[in-house]
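Notes to accompany the following structure.
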Amino acid sequence: NAGVTQTPKFQVLKTGQSMTLQCAQDMNHEYMSWYRQDPGMGLRLIHYSVGAGITDQGEVPNGYNVSRSTTEDFPLRLLSAAPSQTSVYFCASSRDLSYSNQPQHFGDGTRLSIL
Amino acid sequence: TQLLEQSPQFLSIQEGENLTVYCNSSSVFSSLQWYRQEPGEGPVLLVTVVTGGEVKKLKRLTFQFGDARKDSSLHITAAQTGDTGLYLCAQFHMDTGRRALTFGSGTRLQVQP
């Protein structure tokens with residue numbers, strides 16, 4: 001009963017380093033998304049995907065890349081880490097968002113610090 | 001851009017007290033979801049409200065959707081320490097082809113024993 005699995009749970013990077021945050025879901029969900037959560041700012045959408053091979057930008061996409069080669073996986077890449085990217089990152093999945101009342105299933109987050 | 005405002009930002013109460021938190025939008029909701037997030041975990045859906053004036057109950061939690069579908073409230077009766085967490089409202093929107101949820105900044109609730 002895994003749901004949405006995010007790895008790693010914690011990561012410390014130096015400015016300029018790159019890394020990939022992993023996200024996998026086992027519910028055959030079409031829609032997957034990445035959010036970042038900063039104190040007092042709720043969840044802000046970075047990128048999302050409505051199915052394999054299809055991705056689109058969210059509210060705060062700069063500095064991040066995504067791809068969706070399979071239904072199950074939706075990795076988030078930081079190209080050149082900056083201190084402003086220190087945050088908690090959440091991956092979520094749901095059935096097709098064509099119907100607005102689909103629940104989002106979230107992972108437990110990756111806590112990322114950029115020094 | 002549609003904005004979701006939640007109030008209050010922080011709330012600290014004693015066990016057994018009642019409380020209400022609010023979610024307001026600059027435009028009409030098509031639907032609204034409420035989530036609760038506990039420390040170290042991702043948000044978990046509590047309820048979805050769709051119809052103006054709708055009221056839904058989940059044990060001691062009562063969710064109301066405003067008649068004009070621009071506001072929603074969450075009322076907790078006889079709060080318990082297990083209700084501690086961050087309460088988030090989220091609105092679905094689809095503009096310029098983007099399909100996404102917009103979240104409010106949340107109400108952080110601390111229930112003291």
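Rule-based calculations on the coordinates, nothing more; no lab input. Only a predicted model underlies this, so the values are computations on that prediction, with no experimental measurement involved. All Cβ positions, even for glycine, are placed from backbone atoms using ideal geometry, and neighbour counts span all protein chains on display.
Taken residue by residue and averaged, Cβ atoms of other chains lying within 10 Å of the Cβ of A:36-45 number 5. Across peptide A:17-25, the average count of Cβ atoms from other chains found within 10 Å of a residue's Cβ is 0. Per-peptide packing, taken as the mean over residues of other Cβ atoms within 10 Å, places B:63-71, A:103-111 in the sequence A:103-111, B:63-71 from highest down. Across the range A:37-53, coupling constants 3J(HN,Hα) worked out from phi with the 6.51/-1.76/1.60 Karplus curve, θ = phi - 60°, read 10, 10, x, x, 10, x, 9, 10, 6, 9, 9, 9, 9, 9, x, 4, x Hz, and Gly and Pro carry x.
Let me spell out the model: positive unit charges on the Cβ of Lys and Arg, negative unit charges on the Cβ of Asp and Glu, origin at the Cα centre of the protein assembly as shown. What dipole size does that give, in debye rounded to 20? Walk me through the numbers before you get to the answer.
Details: 18 positive and 19 negative charges, 39 e Å.
Once rounded to the nearest 20, the dipole reads 180 debye.
Dipole orientation for the range A:35-115: of the candidates A:Ile114, A:Ser93, A:Leu43, A:Ile114 has the Cα lying most toward the positive pole (charges on Cβ; Lys, Arg +1; Asp, Glu -1).
Averaging 1/r over each pair of different alpha-carbon atoms in the range B:24-72 and inverting the result gives 11.5 Å, the Kirkwood hydrodynamic radius.
Residues whose amide H comes within less than 5 Å of that of B:Arg99, counting only those at least five positions distant or on another chain, are absent (H built at 1.01 Å from N in the peptide plane). Between A:Gly40, A:Gly51, A:Gly63, the GNM of chain A built on Cα springs shorter than 10 angstrom shows A:Gly40 fluctuating the most. Loop-located GluC sites (Glu not before Pro) in the range A:1-107 (DSSP state other than H, G, I, E, B) with a sparse environment of at most 16 neighbouring Cβ atoms within 10 Å: A:Glu59. Over all projection directions, the Cα-based convex hull of the protein assembly as shown averages an area of 12.3 nm².
Whole number please: convex hull volume per residue of the Cα set in chain A, in Å³? Can you show the working numbers first?
Numbers: hull volume 11.1 nm³, N = 115.
It is 96 Å³ per residue.
Residue exposure proxy: B:Cys89, A:Cys23, B:Cys23, ordered by other Cβ atoms within 10 angstrom of their Cβ from fewest to most, comes out as A:Cys23, B:Cys23, B:Cys89. Short to long, the 5 Å bins of the Cα pair-distance histogram for chain B hold 2, 12, 23, 25, 19, 11, 5, 2, 1, 0 percent of all pairs. Considering only A:Met41, A:Met19, A:Met32, the mean-square fluctuation computed in a Gaussian network model of chain A, springs between alpha carbons under 10 angstrom, is largest for A:Met41.
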